Amino acid sequence: MSLGIRGLLMDVNVVLDYSEYVNNIASMLKREYPIREDTESIAKKLRNEIERRYVNAIARGQFRNMKEIIRDSVRRLLEENNIVIGPTELGFLADSAMTCMINAAKPYQDSEEALAKLRQRGMSLCIVTNLDGDVARKMLISSGLFKYFIGVVSADVTGVPKPNRKIFQVALKKMRCKPTQVLVVGTSWEDILGGKTAGIKTILLTRGRDIQTSVAPDLTLNNLSDLLKILGIV
């Protein structure tokens, strides 16, 4: 499968685990405001609301940055608890929430070794993300992984989110590659559908999770070590 492959388009989730960020936001809100539920319940509500708003935006083909989505989700949660705050305070909370996301980002155990081997083989690597570009960069920088990538192509810059083909086309141009010369390595249906729409072969990286996609990927792998094997890199 590695024949002619010069680069990989990756989602941030492929190399970083930042799933704890919602729990951290919930802890912050519980400390600062008289919310009735416990922290676990707050996190569950917040996660569901963030997911709902994100999916609705993607379904409409509209870009909404994560800071706005999280801000509006936090506001709704507070209002459900009869807590009303002004726009300035809400803005500060949104900034703190994004800091929670950045601080939560940790490389997977196989991330750095795999990225180093890919770069040693001359593979060009680019992040394609629906996260805010500055947040994605800060996550990669703080985790020490940014040095392996030629850059970040984000929905807030292209104006359209995955699965729109345009965001992948922008990444291809940045990499100076044709669709047949790269692979999309993703963790969600947006990655797989978007890659397919752009004419790029796709790999779904599950890391042990059951991930449902509307379009079948060309290949499903568990981790980056498996990716190295199918690319002939040991």
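Worth pointing out:
- Subset of the range 53-71 [at pLDDT below 85 and of a type outside the set (Lys, Arg)]: Ala59, Gly61, Gln62, Phe63
- Selection status of Ile58, assigned to a helix (DSSP H, G or I), in contact (Cβ under 8 Å) with a residue 24 or more places away in the chain and either farther than 21 Å from Thr99 by Cβ or of a type in the set (Asp, Glu) (or both): yes
- For the range 124-234, the helices (runs of 4 or more DSSP H) that sit wholly inside it and include 3 or more residues that are surrounded by fewer than 19 Cβ atoms within 10 Å (Cβ to Cβ) are 133-142, 165-175, 224-230.
Residues are listed down the side, and each one gets a yes or a no for (1) over 12 Å from Val15 (Cα atoms); (2) at pLDDT below 95; (3) of a type outside the set (Gly, Ala, Ser):
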{"site": "Ile83", "(1), (2), (3)": "yes, no, yes"}
{"site": "Asp110", "(1), (2), (3)": "no, no, yes"}
{"site": "Glu113", "(1), (2), (3)": "no, no, yes"}
{"site": "Lys117", "(1), (2), (3)": "yes, no, yes"}
{"site": "Asp132", "(1), (2), (3)": "yes, yes, yes"}
{"site": "Arg137", "(1), (2), (3)": "yes, no, yes"}
{"site": "Leu140", "(1), (2), (3)": "no, no, yes"}
{"site": "Leu145", "(1), (2), (3)": "no, no, yes"}
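- When Ser225, Ser188 are checked against the criterion of being under 19 Å from the mean Cα position of the chain (by Cα), polar (S, T, N, Q) and in the same structural domain as Ala155 (by TED's automatic domain parsing), a single residue qualifies: Ser188.
The values are calculated or read from the model by the stated rules, or taken from the named source; none is laboratory data. Predicted model, so just to flag it, every value in this text is computed and none were measured. As a convention, Cβ positions derive from the backbone with ideal geometry for all residues, glycine included, and neighbour counts pool all protein chains shown.
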